[in-house]
Amino acid sequence: MHIPDGFLATPVWLALDVGAAPAVGLLARRARQDFDESRIPLLGVMGAFVFAAQMVNFPVAPGASGHLVGSALLAYTLGPAAASLVMTAILVIQAFVFQDGGVLALGANIFNMAIAGVLAAHLPYRLLGGRRMGVFLGGMLSVLVGAFLALGQLLLSGIPMKPELLALSAGLFFVNAAAEGVITVAALGAIRGIRPGWVQEISPPGKRELWLFGGAAVALAVFGVLIASPLPDGLERFLEEAGVAARAKALITTPFGDYEAAFFRAGWLRKAAAGLAGLALISACGWATGRWLARRRRA
């Protein structure tokens, strides 16, 4: 789902970079109006959980994998505006720390997943009153909207798209979207069972529940990599089949590139250390975002 650098034409990535910044600013203003200070820890915990879940790819078809995007899950627990901010923070950290998604393409990825994906998830949830079908459709729609926006941006950038390749990609995206819907329903059901007030309410999260989901995020980051599929995701598979995968460019180099801590030798330890570093960064960023929203609301 993350578009790397090297694929989007300059007018495309530039327009999306310029457009994403004020859009996130407007969402920040909306989040400030609705934000409750007691929910500050929830931003960090849910952001860390989604980040860790994104590291665990699962097979969706022969030769392709998928992973939780998390736009819907964040929207249902934090509200759409705050969810967009947290997802934006995740994407920024992924691009600049883990080299996942392009630096120049960051605006496109933010627009696809943090803005359009979150709002697409919120629509069926709102229309169906938060029922399971609304949760499922919201999770599914969030992935489909983000995926097809990415394809559209690649098409505008001159990436060749044969009909049979588009059909293959659409099939992979639909399978991944259905999996997203199922996982979102299951995760939200678990959250409602543990702490019903977490789901777009103002109920403050309890310490026990925060530790529980924080522990789940750590477990996913440390042990999830052991079972994660090495296969490319739907967008990566599309780029490979289109014969343009070699265009990918890394504009920066970091010690945590490709979710591996370069200063360790063991493969599992490299991935686990990178995952834990990501959790710490996302948690700190979520906490800082919550403090900023609370302070701006009091001002």
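The values are calculated or read from the model by the stated rules, or taken from the named source; none is laboratory data. All of these numbers come straight from a predicted model, not from anything done at the bench. Quick reminder, even Gly has a Cβ in these numbers, built from the backbone with ideal geometry, and neighbours come from all protein chains shown.
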For the list (1) part of a helix (DSSP H, G or I); (2) within 26 Å of residue 239 (Cβ to Cβ), I need the number of the one condition that residue 65 fails.
(1)
Any pair with Cβ under 6 angstrom, 6 or more apart, that starts in segment 8-20 at a residue that is farther than 18 Å from residue 160 by Cα and in contact (Cβ under 8 Å) with a residue 12 or more places away in the chain and ends at one that is among the aromatic types (Phe, Trp, Tyr) and assigned to a helix (DSSP H, G or I)
16/111; 20/111
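Residue-by-condition table, conditions (1) among the basic types (Lys, Arg); (2) under 30 Å from residue 268 (Cα atoms); (3) at pLDDT below 95; (4) surrounded by 24 or more Cβ atoms within 10 Å (Cβ to Cβ):
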site: 7; (1), (2), (3), (4): no, no, no, yes
site: 10; (1), (2), (3), (4): no, no, no, no
site: 29; (1), (2), (3), (4): yes, no, yes, no
site: 37; (1), (2), (3), (4): no, no, yes, no
site: 40; (1), (2), (3), (4): no, no, yes, no
site: 43; (1), (2), (3), (4): no, yes, yes, yes
site: 61; (1), (2), (3), (4): no, yes, yes, no
site: 93; (1), (2), (3), (4): no, yes, no, no
Single match in 47, 19, 25 (criterion: part of a helix (DSSP H, G or I) and out of contact with any helix residue (DSSP H, G or I) (no Cβ under 8 Å at 6 or more places or on another chain)):
25
Taking the condition modelled with pLDDT under 90, of a type in the set (Asp, Glu) and more than 18 Å from the chain's Cα centre (by Cα), does residue 201 pass?
yes
Considering 139, 130, which residue is more than 15 Å from residue 234 (Cα to Cα) and at pLDDT below 90?
130
Could you grab me the full set of residues in segment 253-276 that are aliphatic (A, V, I, L, M) and surrounded by 13 or more Cβ atoms within 10 Å (Cβ to Cβ)?
261, 262, 269, 272, 273, 274, 276
Enumerate the helices (runs of 4 or more DSSP H) found wholly within segment 83-164, keeping only those where 1 or more residues are closer than 30 Å to residue 280 by Cα and polar (S, T, N, Q).
106-109, 132-156
Right, residue 269: out of contact with any helix residue (DSSP H, G or I) (no Cβ under 8 Å at 6 or more places or on another chain), in a helix (DSSP H, G or I) and either under 21 Å from residue 52 (Cα atoms) or of a type in the set (Ser, Thr, Tyr) (or both) or not?
yes
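Quick grid of which residues meet (1) modelled with pLDDT under 95; (2) more than 18 Å from the chain's Cα centre (by Cα):
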{"residue": "3", "(1), (2)": "no, no"}
{"residue": "20", "(1), (2)": "no, no"}
{"residue": "33", "(1), (2)": "yes, yes"}
{"residue": "55", "(1), (2)": "yes, no"}
